[in-house]
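Reviewing the structure listed below.
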Amino acid sequence: MTTTEELILEVLKDLPVQMKRNHRLFLTIPRGDLIKTMNILSSELAIQHLSTITARDTGNELEILYHFFLKGVMITIRTTCPKDDPTIESIVKVFPSAILYEREIHDILGIVPAGHPDLRRLILPDEWVGGYPLRKDWKQPAEQEAEE
């Protein structure tokens, strides 16, 4: 274990951190703890850069993964939200680089980052009305018309 990994584990000792392999730490949190956790990463670990946000439809819920890199260690924060309430808190105030990633997951999965300053479409056309294309239950508009 590296000194950086030890530091991260010490700072996050009260949280359920998993180290599945060297240089990779995973932390699964309830969505209500998202901002608190991001503030810890920013203030106590001095992380200034969010590498990316990824998200996926697991079938039962929507999973959001926040990826950070600190001195050779990848840190992934995982949270979920139900498909019938796809809302999480925006982390833009803590990590401004999240602004486009949050717009992307809103656009293609329908996850609403509450408090986001600008949720204009990013990937899909402005006139898009065909739902969220990365959800497992999504069907192309032509397929929907054929079924009706």
*Out of all the residues in segment 1-43, which are in a strand (DSSP E or B) and either in contact with a Leu (Cβ under 9 Å, 6 or more places away or on another chain) or under 19 Å from Ile53 (Cβ atoms) (or both)?*
Val17, Gln18, Met19, Arg24, Leu25, Phe26, Leu27, Thr28
*Before we move on, is Val73 more than 17 Å from the chain's Cα centre (by Cα), surrounded by 14 or more Cβ atoms within 10 Å (Cβ to Cβ) and modelled with pLDDT under 95?*
yes
*List the pairs whose first member sits in segment 101-128 and is farther than 23 Å from Ala142 by Cα, whose second member is hydroxyl-bearing (Ser, Thr, Tyr) and not in a loop (DSSP other than H, G, I, E, B), and whose Cβ atoms are under 9 Å apart, counting only residues at least 6 apart or on separate chains?*
Tyr101/Thr52; Tyr101/Thr54; Tyr101/Tyr66; Ile105/Thr54; Ile111/Thr87; Val112/Thr87; Pro113/Thr87; Ala114/Thr87
*Out of the residues in segment 22-44 that are farther than 18 Å from Thr79 by Cβ and either among the charged types (D, E, K, R) or without any contact (Cβ under 8 Å) to a residue 40 or more places away in the chain (or both), which is surrounded by the most Cβ atoms within 10 Å (Cβ to Cβ)?*
Glu44
_Selected residue (criterion: farthest from Val112 (Cα to Cα)) from residues of segment 83-100 that are over 14 Å from the mean Cα position of the chain (by Cα) and touching a residue at least 12 places away in the same chain (Cβ under 8 Å)_ = Lys93
*Can you tell me which of Thr52, Thr80 is touching a helix residue (DSSP H, G or I) at 6+ places or on another chain (Cβ under 8 Å) and over 24 Å from Glu5 (Cα atoms)?*
Thr80
*What number of residues within segment 39-64 are within 12 Å of the chain's Cα centre (by Cα) and either of a type in the set (Ser, Thr, Tyr) or more than 17 Å from Val112 (Cβ to Cβ) (or both)?*
4
*So, of the residues in segment 114-148 that are of a type in the set (Gly, Ala, Ser) and surrounded by fewer than 12 Cβ atoms within 10 Å (Cβ to Cβ), which turns out to be modelled with the lowest pLDDT?*
Ala146
_Six or more apart or on different chains, Cβ atoms under 8 Å: show the pairs whose first residue is in segment 1-21 and under 15 Å from Ser43 (Cβ atoms) and whose second is assigned to a loop (DSSP other than H, G, I, E, B)._
Leu7/Leu45; Ile8/Leu45; Val11/Glu44; Val11/Leu45; Leu15/Ile29
*Residue within segment 81-88 that is within 27 Å of Trp138 (Cβ to Cβ), among the β-branched types (Val, Ile, Thr) and surrounded by fewer than 18 Cβ atoms within 10 Å (Cβ to Cβ) present*: yes
*Residue list for segment 87-118, restricted to those being under 29 Å from Leu45 (Cα atoms), part of a loop (DSSP other than H, G, I, E, B) and not charged (D, E, K, R)*: Ser90, Ile91, Val92, Val94, Phe95, Pro96, Ser97, Ile111, Gly115, His116, Pro117
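The values are calculated or read from the model by the stated rules, or taken from the named source; none is laboratory data. Everything quoted here is computed from the prediction, not taken from an experiment. In this analysis, Cβ positions are derived from the backbone assuming ideal geometry, glycine residues included, and neighbour counts consider all displayed protein chains.
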